[in-house]
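Structure record follows, encoded as structure tokens.
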Amino acid sequence: MKEDCVFCQIVRGEKPASIVYEDEETLAFMDINQGVKGHLLIIPKEHYVDITDITPEAAAAVARTSVQVAPALKRALNADGISVWQANGWAAGQRVFHYHVHLFPRFAGDGLPLHKSKMASREELDRIAELIRKHL
Ligand code: 5GP
Ligand code: ZN
């Protein structure tokens with residue numbers, strides 16, 4: 001655990017998050033920016049910086065959770081597809097240095113507005129998280 005890491009703070013319950021799925025090793029929750037409605041993140045509960053730091057076991061646990069959550073995300077949002085994205089290092093676009101995988105629903109011709117600056121409200125995040133949970 002890293003004191004000043006926002007994702008560690010979410011794991012510890014010190015920072016609010018709209019949780020979609022949780023098991024012993026991983027957590028799936030809504031990304032605070034919903035440039036694409038349904039954008040969610042999957043993290044290991046332990047703090048690893050990126051793909052060069054994470055253990056194969058922890059990465060496998062995140063992959064298992066991705067496979068579990070993705071069909072629910074697709075059903076919940078009635079999406080045409082799902083994109084999986086994972087950035088390592090500033091140059092690759094990583095901004096939170098706790099390993100995470102992005103899942104976001106895709107729609108034909110959606111144009112990928114990924115990092116919109118407008119933050120979603122907690123109510124909106126909770127509502128979408130609940131919708132996806134119902135499809136797990
Ligand atoms: P990166 O660019 O590092 O791959 O992605 C970091 C993601 O974390 C971004 O999509 C950003 O919106 C999201 N994010 C940053 N801070 C928080 C937060 O406090 N809560 C949640 N739920 N998401 C966050
Ligand atoms: Zn962390």
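For the chain, what is the accessible area per residue in Å², given a 1.4 Å probe and the full set of protein chains?
Each residue of the chain exposes 53 Å² on average to a 1.4 Å probe.
How would you classify region 39-101 from its alpha-carbon gyration tensor, with a ≥ b ≥ c the square roots of the eigenvalues: rounded for a/c under 1.5, else prolate if a/b is greater than b/c, otherwise oblate?
It comes out oblate by the Cα gyration axes.
On the protein heavy atoms, probe 1.4 angstrom, tell me the percent of accessible surface of the chain carried by carbon and sulfur.
54
Once you put a point 7 Å from the Cα of K37 and another 7 Å from the Cα of L131, both along the Cβ direction, what distance in nm separates them?
0.5
On a full-extension model of 0.36 nm per residue, what is the gain between W85 and E124, subtracting their alpha-carbon distance, rounded to one decimal in nm?
11.8 nm
On full extension of the chain, what length is gained from R75 through A59, given 0.36 nm per residue of separation minus the C-alpha to C-alpha distance?
That works out to 3.3 nm of additional length.
Cα gyration tensor of the chain, axes a ≥ b ≥ c as square roots of the eigenvalues: rounded (a/c below 1.5), prolate (a/b > b/c) or oblate?
Cα axes put the chain in the rounded bin.
The values are calculated or read from the model by the stated rules, or taken from the named source; none is laboratory data. These figures come from a predicted structure and were not determined experimentally. Note that we place each Cβ from the backbone using ideal geometry, even for glycine, and neighbour counts take in every protein chain shown. Ligands, DNA and RNA are stripped out before the accessible areas are found, and what is left, the full protein with its side chains, is counted by its heavy atoms. Shrake-Rupley method; radii C 1.70, N 1.55, O 1.52, S 1.80 Å.
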